[in-house]
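Undergrad: I am attaching a structure below and will ask some questions about it afterwards.
The values are calculated or read from the model by the stated rules, or taken from the named source; none is laboratory data. Just so it is clear, the structure is predicted and the values come from calculations on it, not from any experiment. Note: ideal-geometry Cβ built from the backbone for every residue, glycine included; neighbour counts use all protein chains shown.
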């Protein structure tokens, strides 16, 4: 089996590529690159003292704990590394080797447009949305679920890629095992998404899942990157909930709200 993934360059993305390389003969990885020092180097988010504090405690340290550090990829992975945002500018000929695979996955890429998205939609591409659709959509969805105290909505959605942003028909939701640390919970949700996707590809169940359209009337919040400000980050860090509060929400999660829930 050959698998193509359109993704990014952080440790969590590298980890998924490694997992895919264990179930595929060959993996094509098109990697869009950001700084690996989020919050310390001005890039997608501003470099400020509070952003450094937030990303160190809620992103960098949890990611390092769960996914390790940035590293080289396995031998059966072919890589095309590009600047973040350049993906849809590439012509199809440049990507031709990566467009002959059995499975296609999108995780953490830029918004895909033009001929590439048409090809991927036609070929049943799986998109990992870190957040539980249709409830939380846009950027930093699990942060906003936690910010609202909705820890039971911290998870991921595996859905079919569509022309709209995170709007494709859903296949299943993935959730982490209950833990009390609100700063670690988000990365645990990412790991659960990886495990659920790999398991459902290996056992063939993902090919038999019936896609379910998203009911947008259930949306709680749609967020953009600009919504995540210094003030919001400071408010969250200054008012972190007690572990028992987080655990209480997770242990009482209403799974009837979610599709084919995977816990891992």
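Undergrad: Can you list the strands (runs of 3 or more DSSP E) found entirely within segment 117-167 that contain at least 3 residues being under 21 Å from residue 211 (Cβ atoms) and at pLDDT 95 or above?
TA: Fully inside segment 117-167 and qualifying: 126-129, 156-160.
Undergrad: Okay, next question. Please find, among 221, 249, 191, 205, the residue that is in contact (Cβ under 8 Å) with a residue 12 or more places away in the chain, under 26 Å from residue 17 (Cα atoms) and touching a helix residue (DSSP H, G or I) at 6+ places or on another chain (Cβ under 9 Å).
TA: Going through 221, 249, 191, 205 in turn, just one is in contact (Cβ under 8 Å) with a residue 12 or more places away in the chain, under 26 Å from residue 17 (Cα atoms) and touching a helix residue (DSSP H, G or I) at 6+ places or on another chain (Cβ under 9 Å): 191.
Undergrad: May I pose another question? Take residue 106 and decide whether it is over 15 Å from the mean Cα position of the chain (by Cα) and over 19 Å from residue 175 (Cβ atoms).
TA: no
Undergrad: Going by what's in this entry, would residue 177 be described as closer than 26 Å to residue 245 by Cα, in contact (Cβ under 8 Å) with a residue 40 or more places away in the chain, surrounded by fewer than 21 Cβ atoms within 10 Å (Cβ to Cβ) and over 15 Å from the mean Cα position of the chain (by Cα)?
TA: So residue 177 passes the test.
Undergrad: Moving to a separate point now. In segment 24-53, how many are at pLDDT 90 or above and either buried (at least 16 other Cβ atoms within 10 Å of the Cβ) or touching a strand residue (DSSP E or B) at 6+ places or on another chain (Cβ under 8 Å) (or both)?
TA: Residues meeting the conditions: 11.
Undergrad: In addition: So, residue 206, is that one over 17 Å from the mean Cα position of the chain (by Cα), within 12 Å of residue 126 (Cβ to Cβ) and surrounded by 14 or more Cβ atoms within 10 Å (Cβ to Cβ) or not?
TA: yes
Undergrad: Just name the residue that is farthest from residue 103 (Cα to Cα) out of those in segment 198-226 that are in contact with a strand residue (DSSP E or B) (Cβ under 8 Å, 6 or more places away or on another chain) and part of a helix (DSSP H, G or I).
TA: Going through the qualifying residues, I end up with 199.
Undergrad: Can you tell me which residue in segment 252-264 is surrounded by the fewest Cβ atoms within 10 Å (Cβ to Cβ), limited to those that are touching a helix residue (DSSP H, G or I) at 6+ places or on another chain (Cβ under 9 Å) and outside any loop (DSSP other than H, G, I, E, B)?
TA: Among those that are touching a helix residue (DSSP H, G or I) at 6+ places or on another chain (Cβ under 9 Å) and outside any loop (DSSP other than H, G, I, E, B), it is 257.
Undergrad: What pairs come out if I take residues in segment 110-125 that are in contact (Cβ under 8 Å) with a residue 12 or more places away in the chain and pair them with residues that are in a helix (DSSP H, G or I) and buried (at least 17 other Cβ atoms within 10 Å of the Cβ) whose C-beta lies under 8 Å away, six or more apart or interchain?
TA: Final answer for the pair search is 110/87; 112/87; 112/120; 116/87.
Undergrad: Right, something else. Tell me, please, whether a residue that is surrounded by 16 or more Cβ atoms within 10 Å (Cβ to Cβ) and within 26 Å of residue 103 (Cα to Cα) can be found in segment 143-153.
TA: No: zero hits.
Undergrad: Moving to a separate point now. Would you point out which residue out of 184, 240 is surrounded by fewer than 20 Cβ atoms within 10 Å (Cβ to Cβ) and over 30 Å from residue 17 (Cα atoms)?
TA: Exactly one residue qualifies, and that residue is 240.
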